[in-house]
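Data block below; observations after.
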Amino acid sequence: MKRFRDLIDDVLPHIQEIFPWDLDERIKANPEILLVDITEPREYSTLHIPNAINVPRGILEAASDWGYEDTVPALAAGREREVVLICRSGNRSALAAFNLQQMGFTNIASLKTGLRGWFDYELPLHDGKGNVV
C-alpha cells in the first residue's frame, strides 16, 4: 500500500519543478506563462499568485481537455505553452504535473514549495478580490 508521500516521491523524478524565485524571474521574462492554481476555490480566494487562474485539482484533467463541462479553454489549448501548476506546498501540483504530462503537456512544471515558499520568499499574493495579502 502506498501513502500520499510515496505517490509524490514516485513522480518527482519524472517532472520539472521550479523554485519560487525562479518562477518570479520566468514571469518577468515571459508574461504569457500560464499560472494554474490547483487549490480549492476557498483556498484560492484566501490567497493566490497574481494572474493565476484557479482550476481545482478535482477537475484539472477534465479542465485540461476539450469537450467537458469543466473545460478551461486557456488550459486545454496550452499543451505547448509554458504552464506552472501551483498548490499550497508543491505536493498536489507535483502529482498534477505528472498527470498533465501524460496528457501531452510538454512544457509543464510544479511550483516547488508551493504558495508557502512563494510567501517565504516575500513575493506578492492576492486574495479573491485582488487585494494584496
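The values are calculated or read from the model by the stated rules, or taken from the named source; none is laboratory data. Every value quoted in this text rests on a predicted model; they were computed, and no experiment measured them. Surface areas here come from the heavy atoms of the whole protein model, side chains and all, with no ligands, DNA or RNA. Shrake-Rupley method; radii C 1.70, N 1.55, O 1.52, S 1.80 Å.
With every protein chain kept in the model, how would you rank ASP37, ASP127 by accessible area, 1.4 Å probe, largest at the top?
ASP127, ASP37
Restricting to bridges with both residues inside the chain, how much of the DSSP beta-bridge set is antiparallel, in percent to the nearest 5?
15 percent
Based on DSSP H runs of at least 4 residues, each adding -39500 (n - 2.57), what is the mean residue ellipticity at 222 nm of the chain after dividing by all its residues, to the nearest 500 deg cm²/dmol?
Result for the chain, helices only: -10000 deg cm²/dmol.
Order LYS2, LYS112 by their accessible area, 1.4 angstrom probe, all chains in place, largest first. Please report the intermediate quantities before stating the final value.
Values: LYS2 120, LYS112 70 Å².
Solvent-accessible surface, decreasing: LYS2, LYS112.
Classify segment 12-78 from the C-alpha gyration tensor, please: rounded if a/c falls under 1.5, else prolate or oblate depending on whether a/b exceeds b/c.
Prolate.
What is the spread of the Cα atoms of the chain along each of their three principal axes, largest first, in whole Å?
Dimensions of the chain along the principal axes of its Cα atoms: 38, 33, 30 Å.
Tell me whether segment 94-133 comes out rounded, prolate or oblate; compute the Cα gyration tensor, take square roots of the eigenvalues as a ≥ b ≥ c, and use a/c under 1.5 as the rounded threshold.
Here segment 94-133 falls in the prolate category.
If I compute solvent accessible area with a 1.4 Å probe over the protein chains, what percent of it on the chain is carbon and sulfur?
The C+S portion of the solvent-accessible surface of the chain is 52 percent.
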